[in-house]
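Values in this text are rule-based calculations from the coordinates and carry no lab data. Since the structure is predicted, the reported quantities are computational estimates derived from the model, not experimental observations. Please note: Cβ atoms are built from the backbone with ideal geometry, for glycine as well, and neighbour counts cover all protein chains shown.
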Amino acid sequence: MDVSYKRRQLLAGMGAFGTLAMLPSPLHAQGLGLSSILGRATDNALHKLAQPGAFYDDEDIRIGLPIVGNLGGRAGGLMGSLLNAGNRLGVLGGITRSINDAAGVAAGEAKPIFREAIDNLSFSDAPGIVRQNDGGTQYLRRSSNDRLHSRLEPLVDSALAKAGVYGQFDKLAEDHSFIRDAGLSRERINRSVTDQGLDGIFAYIGTEEREFRSNPLGGLGNLLGN
């Protein structure tokens, strides 16, 4: 087989890839291997986070005490400062560890939820996915974050209840006014933990995706532009 023929074959394959990326109708993620990479990345990330102490031991993703007022972030203003001061003084005991352990349990049960979201991805913005080494993770979060949050919340709620977190807060509220004043309902605690837990999960998925792209298995990373 001569070199010119091989070159024509290569160019034809590249052209087919470009055509797929620009098609206006949605294409399932399996079409370009994104489902395989994100599936592997998500499974690996959730497996790691499900290990005992994983959330708590990693300071970059450690879940802080539930935030009041600004539930979507890690800076909780005055009330967040009071709660964390209480934690440092020992008033809150091991409740932070319990929260992180509960998030790990929920992560271990979340694989089917993420798999479903990945299977439903389409390629309306495939060029962005190809260009960035964590483009699939970014796209997954951008397109499915709310759905993943609503599906993950019941798992977090169950894990928090089994870990005794709600009961710990109720008992502490009886003895300390600053806990009562925080107004930490079960819903607020759950939402804050789920928000922070998703931040950690996506951080880990992004790391796994970058690793798969830099060391592609079966050529999947090369297929997505590396």
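Provide the FRET efficiency to the nearest 0.05 for the R188-S122 pair, computing r from the beta carbons and using R0 = 35 Å. Kindly include the intermediate steps, with their values, before the conclusion.
Details: r = 34 Å, r/R0 = 0.98.
The pair R188/S122 has a calculated efficiency of 0.55.
Using a Förster distance of 25 Å, how high is the FRET efficiency between D58 and R180, based on the Cβ-Cβ distance and rounded to 0.05?
Values: r = 31 Å, r/R0 = 1.26.
The pair D58/R180 has a calculated efficiency of 0.20.
Subtracting the Cα-Cα distance from 0.36 nm times the residue separation, let me have the gained length for D146 to H47 in nm, one decimal.
Full extension from D146 to H47 adds 33.4 nm.
Report ³J(HN,Hα) in whole Hz for each residue of region 148-164, in order, from the Karplus equation J = 6.51 cos²θ - 1.76 cosθ + 1.60 where θ = phi - 60°; Gly and Pro get x.
Once θ is set to phi - 60°, the couplings for region 148-164 become 5, 4, 5, 7, 7, 3, x, 5, 5, 4, 5, 5, 5, 5, 5, 7, x Hz.
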